[in-house]
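For reference, the structure is listed below as structure tokens.
We did not get these values from a lab; they are worked out from the coordinates using the rules stated. Keep in mind the model is a prediction, meaning the values are calculated, not measured. Note that each Cβ is placed from the backbone with ideal geometry, even for glycine, and that neighbours are counted across all protein chains shown.
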Amino acid sequence: MKAGPETHFNFNLLTDLLSLSLSPSCRDCIFRGKMGIIEKIKEIEFEMARTQKNKATEYHLGQLKAKIAKLRTQLLEPPKGSSGGGDGFEVTKFGHGRVALIGFPSVGKSTLLTLLTGTHSEAASYEFTTLTCIPGIIHYNDTKIQLLDLPGIIEGASEGKGRGRQVIAVAKSSDIVLMVLDASKSEGHRQILTKELEAVGLRLNKRPPQIYFKKKKTGGISFNSTMPLTHVDEKLCYQILHEYKIHNAEILFREDATVDDFIDVIEGNRKYMKCVYVYNKIDVVGIDDVDRLSRQPNSVVISCNLKLNLDRLLSRMWDEMGLVRVYTKPQGQQPDFSDPVVLSADRGGCSVEDFCNHIHRSLVKDVKYVLVWGISARHYPQHCGLSHVLRDEDVVQIVKKKETDEGGRGRFKSHSDAPARISDRQKKAPLKQ
Ligand SMILES: Nc1nc2c(ncn2[C@@H]2O[C@H](COP(=O)(O)OP(=O)(O)OP(=O)(O)O)[C@@H](O)[C@H]2O)c(=O)[nH]1
Ligand SMILES: [Mg+2]
């Protein structure tokens with residue numbers, strides 16, 4: 001295998017590299033390749049910091065942002081010719097949702113996991129107590145939610161410091177992130193962690209930008225917007241597209257988006273996730289601080305040692321996950337409230353069709369209509385079709401098609417019982433003379 005200095009790879013630690021069964025010269029090449037990209041990013045960041053922000057430098061800054069986004073994507077790409085595996089924390093998905101605990105070392109992630117799930121995870125006052133991913137299960141509202149305790153991450157995690165990249169990869173695979181912060185430490189930690197997660201394409205508590213973007217084969221670039229744009233203009237977009245070597249595309253801005261939003265849309269690999277900021281250790285700070293922290297957006301204050309506010313944390317987590325429990329009701333019987341079908345918008349959708357598919361793939365074609373009781377119904381029971389969107393705690397009874405429903409009745413039947421091939425039909429007895 002020949003690897004030039006530009007080879008991209010996603011191994012995180014130098015130790016990972018040393019454990020590879022590659023020749024020393026090859027390892028050296030890969031290492032230099034990665035360092036090359038990180039250095040290039042640093043150089044561009046330095047140039048951006050030096051450049052004054054004004055109308056004249058706007059286009060230049062936009063181009064630099066696009067360059068950084070491209071390099072970051074390169075950094076995340078698996079090495080050519082490999083399966084992209086590497087040494088990650090593989091934990092099988094279990095339950096109806098997955099929640100990852102992300103935070104600096106020694107903020108109380110393992111203590112929280114032990115409290116919420118009953119699964120023991122080593123907790124100690126020294127940093128980096130946890131070295132791998134430890135899963136636990138929260139039983140909440142008739143559902144099972146997988147909670148993952150992860151090693152602490154530090155600044156520079158997105159570039160591979162510590163085991164940062166593996167940790168962030170697990171965070172990406174989860175449904176929501178609980179960012180655990182130490183209430184007694186600097187508030188800057190929240191920004192640092194958010195920046196680290198943003199650097200690898202995670203967007204916390206944001207919705208995808210309302211920009212339509214489609215690459216084309218010919219026809220040049222068509223640029224349109226449904227409202228006046230204050231952050232970008234046509235020329236800036238052209239320059240960014242030029243940076244990506246895109247010369248034919250259709251673009252429609254449906255909101256007053258920023259340059260970063262536009263780059264996110266071009267890159268197309270961003271993950272938009274909900275995040276709850278959990279301030280732990282409120283037992284060691286004053287009541288004023290607790291009050292201030294609890295008023296920050298998407299924040300919950302807790303204390304693991306005193307078991308304060310944990311029920312609030314669970315209910316907040318539940319709300320953010322948006323799980324929809326649907327109970328089934330067999331015809332003529334009471335609903336089965338013990339075992340709900342759990343749906344969610346992120347995992348396949350919440351329509352009646354998704355509900356049927358959840359029970360069995362072949363069910364949808366047999367459904368005539370469903371009867372729905374609950375918040376989503378206008379009156380009880382409501383006759384609904386497959387496209388009806390269900391809400392949490394709805395009760396559903398499926399009414400199946402009957403034989404006669406398929407092909408009409410009596411002489412309107414679309415298919416008779418007669419055999420399809422004429423040769424198979426029985427001849428009528430000849431009329432008597
Ligand atoms: N005062 C106080 N200390 C706490 C609280 N929760 C946890 N701790 C302490 O914080 C220290 C670190 O807790 P851990 O649960 O190991 O923290 P961690 O985030 O898992 O740390 P790493 O695994 O190293 O990343 C332990 O000594 C805990 O006793 C709390 O609510 N209040
Ligand atoms: Mg831990």
* **Under the Karplus curve 6.51 cos²θ - 1.76 cosθ + 1.60, θ = phi - 60°, whole-Hz ³J(HN,Hα) for the stretch 345-350, x wherever Gly or Pro sits** => 4, 6, 10, x, x, 10
* Net charge dipole size for the stretch 211-267 [Lys, Arg +1 and Asp, Glu -1 on Cβ; Debye, nearest 20] -> 440 debye
* **Cα-based Kirkwood hydrodynamic radius, the stretch 150-289, one decimal, Å** => 17.5 Å
* Structure fact -> Extension length gain for LYS172 and GLN296 (0.36 nm per residue less Cα distance), in nm, is 42.3 nm
* To do: With a Förster radius of 45 Å, plug the Cβ-Cβ distance of VAL399 and THR230 into 1/(1 + (r/R0)^6) and report the FRET value to the nearest 0.05.
  => 0.25
* **Difference of contour (0.36 nm per residue) and Cα-Cα distance, LYS217 to ASP336** => 37.4 nm
* Asked: With charges only on Cβ, +1 for K and R and -1 for D and E, what is the dipole size of the stretch 199-324 about its Cα centre, in debye, rounded to 20?
  -> 500 debye
* Structure fact -> Contour minus Cα-Cα span, ILE375 to TYR126, at 0.36 nm per residue, comes to 84.8 nm
* Let me know the charge dipole size of the stretch 323-407 about its Cα centre in debye, to the nearest 20, where only the beta-carbon of Lys, Arg (+1) and Asp, Glu (-1) is charged. => 140 debye
* Structure fact -> Nearest-0.05 FRET efficiency for HIS360 and LEU310 at R0 = 41 Å, using Cβ-Cβ distance, is 0.60
* What is the calculated FRET efficiency for GLU155 to GLU90, with r their C-beta to C-beta distance and R₀ = 41 Å, to the nearest 0.05? -> 0.95
* Which pairs, out of LYS70/LYS214; LYS67/LYS214; LYS402/LYS428; LYS40/LYS206; LYS67/LYS216, put more than 26 Å between their alpha-carbon atoms? -> LYS402/LYS428; LYS40/LYS206
